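All remarks here apply to the structure that follows.
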Amino acid sequence: MDIKSLYLDELINEMKINNKQPAFRAKQIYQWIHGKLVASYDDMTNLPKDLRSMLKERYPLKVLEAVDSLVSEKDGTIKYLFRLSDNRVIESVLMKYHHGNSVCISSQVGCRMGCSFCASTIGGRERDLTASEMLDQIYRIQSMSGERVSNVVVMGTGEPLDNYDNLVRFIRILSDSEGLNISARNITVSTCGLPEEIRRLAQEELPITLALSLHAPNDDIRKKLMPIANKYELSEVMDAFAYYYEKTGRRLTFEYCLVEGINDEEEHARELSRLLRGYNCHVNLIPINPIKERSYVKSNSNKIQKFKNILEKYRINVTIRREMGSDINAACGQLRKSYIDQNS
């Protein structure tokens, strides 16, 4: 049993029914794991020695191993490569802002969505991450950096809604007052657009921010960039997003990677403005990170600014994402891909 993936009430039941331990002991264990972020039962000093021995034997504590890290000389961004218990590797990023520290985590080992501009999808999806593996990316980064994490973005390798049950469990534990207690309002989940799961998430009553990887103002361009667009038309995805806003009241975020000559012309900006008219939303324009396996080129700064100006003319809230860690290949999947290439 993966004890780190259990809710507090589940842990209380497990300790009570199978180990004859009182509820307060389960709560102590939970607080050590999710509040104090310990990596070993030996560090749980207020537990009896025989209880710690039993826990080691019955519930091995899974902890990610940091195998590499890169530090940006430009902005202090740190990219981590973690090894899982089955020797697969994933990556996470710590970004430091004036308003606090943000961590971007992975939700799967690899990805099967196949977006043509993304390094994460090269090689496909190997498996889902458990809730504890998602949590431990944050726990290890906070422990190693010695700095409090205030914001979490599930925007690394993988499609979070393709790992739905583990994602929801992760969010509930991360925002639990007995754990790190990171407000759900400070958690952002990014999706390429799975309508059924978006509607399902709307019913969870989790006040998180949902971000749609849009990247195109119409179906034709979206199909060139994102294979998922062949399964779900943009109208289906936008309807699901409107439903999410209706149920949660949370402002919607749309991510738009700008690719030279593909989706960055002025006509695309006007078409995007018409698509988003009437939505309470924010658009995040993202200069694409070129990767050697793809021929895509980043839009030039003048084109990006013109694109932004057109959206603002239509009274759409828009920002150009600050490029964090550009000198350390901090884009999704790049460090993991280079590590696998070197060790294969």
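With contributions of -39500 (n - 2.57) from each DSSP H run of at least four residues, the per-residue ellipticity at 222 nm computed over the chain stands at -11000 deg cm²/dmol.
With neighbour counts taken as other beta-carbon atoms within 10 Å, the residues His268, His98, His34 rank, fewest first, as His98, His268, His34.
Entry note, segment 89-218: relative contact order of 23 percent, from Cα contacts under 8 Å with a spacing of 6+ residues.
Compute the relative contact order of segment 3-58 as a whole-number percentage, counting only Cα pairs closer than 8 Å that sit 6 or more residues apart in sequence. That works out to 24 percent. For segment 147-224, the equivalent ellipsoid derived from the alpha-carbon gyration tensor has semi-axes of 26, 14, 10 Å in decreasing order. Taking amide H as placed 1.01 Å from N in the peptide plane, Glu65 has its amide H under 5 Å from the amide H of Arg83, each at least 5 places away in sequence or on another chain.
In debye, nearest 20, what is the charge dipole magnitude of segment 79-214 about its Cα centre with +1 on Lys and Arg Cβ and -1 on Asp and Glu Cβ, if you could check?
340 debye
In terms of other Cβ atoms within 10 Å, Leu51, Leu201, Leu180 run from fewest to most in the order Leu51, Leu180, Leu201.
Given the pairs Lys223/Lys303; Lys4/Lys231; Lys74/Lys224; Lys36/Lys62, which are separated by over 26 angstrom at their Cα positions? Going by Cα-Cα distance, Lys4/Lys231; Lys74/Lys224 fall outside the 26 Å limit. Placing a pseudo-label 7 Å from each Cα along the Cα-to-Cβ vector at Ala23 and Thr45 gives an inter-label distance of 2.8 nm.
Straight-distance candidates among the lysines for linking to Lys308, with alpha-carbon spacing under 20 Å and chain neighbours fewer than 8 residues away dropped: Lys298. Of the trypsin sites (Lys or Arg not before Pro) in segment 89-172, the ones in a loop by DSSP (not H, G, I, E or B) with at most 10 other beta carbons within 10 Å are Arg148. The ranking of Lys303, Lys247 by Cβ neighbour count inside 10 Å, starting from the fewest, reads Lys247, Lys303. Spin-label model, Arg251 to Arg172: label points 7 Å out along the Cα-to-beta-carbon direction sit 2.9 nm apart. Hydrodynamic analysis of segment 43-170 uses the Kirkwood radius over alpha carbon pairs. Inserted into Stokes-Einstein at 20 °C and 1.002 mPa s, it gives a translational diffusion coefficient of 135 µm²/s. Of all aspartates and glutamates in the structure, those lying under 20 Å Cα to Cα from Lys247, and not within fewer than 8 positions of it along the same chain, are Asp165, Glu196, Glu197, Glu204, Glu205, Glu236, Asp239.
Overall, the anisotropy analysis places segment 3-58 in the oblate class: the square-rooted eigenvalues a ≥ b ≥ c of its C-alpha gyration tensor yield a/c not less than 1.5, with a/b not exceeding b/c.
Readers should treat all values here as calculations from the given coordinates under stated rules, not as data from a laboratory. None of these values were measured; they are calculated from a predicted model. Cβ atoms come from the backbone with ideal geometry, glycine included; neighbour counts cover every protein chain shown.
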